[in-house]
Amino acid sequence: MNKPDYDKLMQNQMAKLNGNRAKLLLHSCCAPCSSACLERLKDCFDITVLYYNPNIEYDEYEKRKAEQIRFIKETGWAAFMDCDHDGSSYDTAVTGLEKEMEGGKRCEVCYRLRLCKTAELAAAGGYGYFATTLTVSPLKNSDKINAIGKELEGEYGVTWLYSDFKKRNGYLRSIQLAKEYCLYRQNYCGCIYSKR
């Protein structure tokens with residue numbers, strides 16, 4: 001069976017808007033990852049970037065959050081929604097998975113944790129769509145992320161916007177935009193396990 005083309009699915013969803021803008025709650029892990037995603041989505045959606053990342057160590061979290069806010073202010077491509085740093089929810093969620101390999105079960109639990117919060121807030125806030133910037137990374141599993149998002153669509157009643165933002169040179173574009181805006185780019189996902 002062929003792997004779904006999530007980028008094509010997203011383009012089809014956007015085409016069905018017929019020029020009508022929809023409200024999108026976009027989970028973001030950091031400014032560099034959000035950059036190319038926002039550029040791609042800004043003409044179809046009224047976007048609010050949700051910064052919810054309990055997996056990220058506190059000092060790193062604050063640094064990335066400040067960069068995300070700065071990037072949004074400089075571009076005007078989105079509004080910003082912050083969540084309190086809640087590292088204990090991540091620690092609880094991944095208990096027993098500390099020794100998993102990067103990209104394994106621990107990461108899948110982390111995707112779900114962040115996407116659940118995004119779907120919950122999207123439903124509460126009257127958003128038509130929710131999505132994440134995580135698929136811009138070549139290190140993140142787009143199949144797992146999109147499967148979780150689609151599952152949560154059914155649970156929360158908000159449409160999941162499929163994505164594989166690394167397609168069409170999305171990851172390359174995120175690097176270019178990070179340079180253009182002098183964004184802080186980290187070299188690990190943010191959790192202590194990936195840092196090790």
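Annotations for the structure displayed:
- Hypothetical label at residue 175: residues of segment 33-55 whose amide nitrogen lies under 16 Å (7 Å Cα-Cβ projection): 33-37
- Carbon and sulfur %, accessible surface of segment 54-196 computed with the full protein complex present, 1.4 Å: 51 percent
- Of 15, 119, 147, the residue with the greatest mean-square motion in the GNM of the chain, using alpha carbon springs below 10 Å, is 15.
- Under 5 Å between amide hydrogens, built in the peptide plane, is the criterion, and for residue 78 it picks out nothing among residues at least 5 positions away or on other chains.
- Prolate/oblate/rounded label for segment 54-156 (Cα gyration tensor, a/c 1.5): oblate
- For trypsin sites (Lys or Arg not before Pro), the sites in segment 123-191 that DSSP calls loop and that have at most 15 other Cβ atoms within 10 Å are 168, 185.
- Computed Rg/Rh of the chain, alpha carbon atoms with Kirkwood Rh: 0.93
The values are calculated or read from the model by the stated rules, or taken from the named source; none is laboratory data. From a predicted model like this one, the values you see are computed outputs, not experimental measurements. Please note: Cβ atoms are built from the backbone with ideal geometry, for glycine as well, and neighbour counts cover all protein chains shown. Note: areas computed on protein heavy atoms with side chains; ligands, DNA, RNA excluded. Shrake-Rupley method; radii C 1.70, N 1.55, O 1.52, S 1.80 Å.
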